[in-house]
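Each remark here refers to the structure printed beneath this line.
Every number here is computed from the coordinates shown, using simple stated rules; none is lab data. Please read these numbers as outputs of a predicted model, since none were measured by experiment. We place every Cβ from the backbone using ideal geometry, glycine too, and count neighbours over all the protein chains shown.
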Amino acid sequence: MSSRFGPGDVRFFDRVARLYDVAMPPARVGRLRDAFAFADRPIDRVIDLAGGTGRASRGLARVGIDPVVVDVSAGMLARARAAGHEAVRGDAGDLPIADDAVDAAVVVDALHHLPDPMAGLAEAARVIRPGGVLVVQEFHPRGVRGRALVAAEELVGFDPTFWTPEELCEALLEAGFDARIVREGFGYVVVGRVPRE
């Protein structure tokens, strides 16, 4: 099955960009910031992958971290720029970013929309410096809430890829990260650290 909105559900997000921040609650950045503690380097340069309107970036900016939003949806990026965020149009599976260019990346509630999540994880591993981290906040697809979310996204016309926290850790290991679960639950957080050689 493929998304009726194209790879990454981009056409959908272009259409809803103006209303997105009204419908979506603010990102809980304490969880993300806490996961940065697993980095083995200072966290200065951060990217917000598949960051849309900058929902996570807004919260991180309040705690002194100012990420660059990277997203493929022009509509979502226009909203991010209007909110004052630096934003770059790019596909998470083929980032327009040099090797070892950032200290950390965050993906908040968006990994399941990537048409090729493994390519996104591999690209994150490429652009994050050794000792840096990728912090992923996602939805657990099991349980009543998880099954309802998966069904709702499929009903809308998405083709999501949801992983359990353990499955995401395995995917991060395969992409070259050291991985661990930071927070369990419906909205879980997993962190991957790029090993130092």
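Based on the Cβ-Cβ distance from Arg147 to Arg28, what FRET efficiency comes out when R0 is 22 Å, to the nearest 0.05?
0.45
Which order do the peptides 87-98, 132-143, 63-74 come out in when sorted by mean C-beta neighbours inside 10 angstrom, highest first?
On the way: 87-98: 17.7, 132-143: 22.5, 63-74: 20.5.
In decreasing order of mean packing, 87-98, 132-143, 63-74 become 132-143, 63-74, 87-98.
Can you give the Kirkwood hydrodynamic radius of the chain from its Cα pairs, in Å with one decimal?
Roughly 16.5 Å, rounded to one decimal.
Limiting things to C-alpha atoms, what are the Rg and the maximum Cα-Cα separation (Dmax) for region 155-197, in angstroms?
12.5, 45
Per DSSP H run of n ≥ 4, the term is -39500 (n - 2.57); total these for the chain, divide by its residue number, and report the mean residue ellipticity at 222 nm rounded to 500 deg cm²/dmol.
One gets -11000 deg cm²/dmol as the mean residue ellipticity at 222 nm.
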